[in-house]
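Inspection log for the structure reproduced underneath, given as structure tokens.
Read-outs throughout are calculated quantities, based only on the coordinates presented, and are distinct from any laboratory measurement. Every value quoted in this text rests on a predicted model; they were computed, and no experiment measured them.
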Amino acid sequence: MRELVWSPNFIRQLKRLVRQNPSIKQTVEQTLERLSNDLFDPSLKTHKLKGKLANQWSCSIDYSMTTVIALFFSLWTILS
């Protein structure tokens, strides 16, 4: 299991998202747990980004939401 480190921006956006849509909280928690257990779980649809975010990765939270993750010395940091 990996340790996830959340950026202040991610925490702020997560709080706003849960406040606007409380039913999404459980989905986000399950996704973050899956991410810490297996970065390339097929349900996460993890993929490398291109362009300005070329050194970062993205994974799906649900059909309409994704989050951006960055790799730092085998520690995955969640950005947004």
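Brief remarks follow.
- Each residue of the range 55-65 is assigned a 3J(HN,Hα), and the resulting list reads 8, 10, 10, 10, 9, 8, 8, 8, 4, 9, 10 Hz, derived from the Karplus form 6.51 cos²θ - 1.76 cosθ + 1.60 (θ = phi - 60°), x at Gly and Pro.
- Each residue of the range 15-30 was assigned a 3J(HN,Hα) from its phi angle through the Karplus curve 6.51 cos²θ - 1.76 cosθ + 1.60 (θ = phi - 60°); the sequence is 4, 5, 4, 5, 5, 6, 9, x, 6, 7, 4, 5, 4, 5, 4, 5 Hz, with glycine and proline shown as x.
- Labels on offer are [x] 56, 22, 13; [y] 59, 44, 26; [z] 33, 24, 23, and the one holding Cα extents along the principal axes in Å computed from this structure is [z].
- If you run the Gaussian network model on the chain, springs between alpha carbon atoms under 10 Å, then out of Val28, Val68, Val18 the most flexible one is Val18.
- Per residue of the chain, the DSSP helices (runs of n ≥ 4 H) give a summed -39500 (n - 2.57) that works out to -11000 deg cm²/dmol at 222 nm.
- The mean sequence distance of close C-alpha pairs (under 8 Å, at least 6 residues apart), as a share of the length of the chain, puts its relative contact order at 32 percent.
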